[in-house]
1. What does the charge add up to near Thr287, with Lys and Arg as +1, Asp and Glu as -1, over the other residues with Cβ less than 12 Å from its Cβ?
2. Enter the per residue convex hull volume of region 119-178, computed from alpha-carbon coordinates, in Å³ rounded to the nearest integer.
3. From zero outward in steps of 10 Å, how is the percent of C-alpha pairs of region 227-297 spread across the bins?
4. Mind checking the angle between helix 119-134 and the chain's longest principal axis? C-alpha axes, 0 to 90 degrees, to the nearest 10.
5. Using a Förster radius of 25 Å, what is the FRET efficiency between Thr137 and Phe232 based on their Cβ-Cβ separation? Nearest 0.05, please.
6. Obtain the nm distance between the two label points defined at Phe19 and Ile73 by a simple spin-label model: each point lies 7 Å from its Cα along the Cα-to-C-beta direction.
7. Reported to two decimal places, what Rg/Rh ratio describes the chain when computed on Cα atoms with Rh from the Kirkwood expression?
8. In deg cm²/dmol, rounded to 500, what helix-only [θ] at 222 nm does the chain give when every DSSP H run of at least 4 residues adds -39500 (n - 2.57) and the total is split over its residues?
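The values are calculated or read from the model by the stated rules, or taken from the named source; none is laboratory data. As the structure is a prediction and not an experimental result, all values here were calculated from the model. Cβ: placed from backbone, ideal geometry, glycine included. Neighbour counts: every protein chain shown. What goes into the accessible areas is simple: the full protein's heavy atoms, side chains included, and nothing from ligands, DNA or RNA. Shrake-Rupley method; radii C 1.70, N 1.55, O 1.52, S 1.80 Å.
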Amino acid sequence: MTILETILPVFLMIALGKFLSAKKVVSEEGIHSIKALSTNVLLPVMAFDTLIHGSFSSDSIILIALEIAILAIGFAAGFPLKRFFDSDINGYVPYATTTYEGGLFGWALISILVGQKSEAMFNIVSMDIFSGIFCFTIMATGLKLLAGQKMTGKETVISIITSPMIIATALGFIGAAFHLGEKIDASKYASLYTKVTNFFIQPLSPMILICIGSGLVFDLSVLKKGFKLAAFRYALQLILCVLVLLVIAHTVGLTRPFKFALLVYFFVPTSFLLSMYATEKKAMEFTSGYLSFQIIISLVIFSVLSIIYNN
């Protein structure tokens, strides 16, 4: 029953999102608003709460270094692949082979699997924030240039330091350093704090999954456009995942929940920013097909891992 309780709600929420989108109950503007609410309010609260209840140590530095390394490897690996794609879309390839959509996808699945306040979740959030930094700096700037926009260095810096997620993460790390989570839990305000944060955190997973469902594409002609690159990304991520698991096992230590959290994390799609900046028709079809195919495969992998984990 535990396995069904883990997997079924995920697919129901995604199916609901697709249904609501098809019936025009939720418009594209509505989905955009939900995403904005999630990324600017709900996710920062979850990040802050998860981080202050974790323990930042030298092990965290190792995990962050590993995240930076795999982001760089993924980005570099995309450049030789550009020649295998049409000139209309090959500029997107390096950005498509790196980053992880943790906030709007992976966190929801991982928190369902191992728990939102678990050590494994703390480690994933600590690592994934640097994927977010990459997205808001290098990736966002590059994609805007591909779309014909311009972004000055000052604008880039301002967009980073004013990002609610970056602010929440910085405060979370500071809170973890001073054991803020433990102090809150031991205080007379523990119940009040939990109730308030739950109002923000509990709706997050259903809202994100509904958004994912609304954007899923099942058109084979569109899915085929992203299949070739997705196959390479999964092969690369499999190699990186094995290497990271080996490094962590011999340094930080690999608990069972953290191992499964990492397995889910490595196979989530690349950042959804990829489709947000695509403006040309071919680029839009390519990014939609690429992300939709990854979402479908990620959910299959999540389901298999959930069955194994709960057994």
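1. Around Thr287, the surrounding residues sum to 0.
2. Details: hull volume 4.8 nm³, N = 60.
It comes to 80 Å³ per residue, whole-number rounded.
3. With a bin width of 10 Å, the distribution comes to 19, 40, 25, 13, 3.
4. Taking Cα atoms only, the helix is inclined about 40 degrees.
5. Details: r = 24 Å, r/R0 = 0.97.
The pair Thr137/Phe232 has a calculated efficiency of 0.55.
6. Reported label-point gap for Phe19 and Ile73 is 4.2 nm.
7. Numbers: Rg = 19.0 Å, Rh = 20.0 Å.
Rounded to two decimals, Rg/Rh equals 0.95.
8. Helix-only estimate at 222 nm: -23000 deg cm²/dmol.
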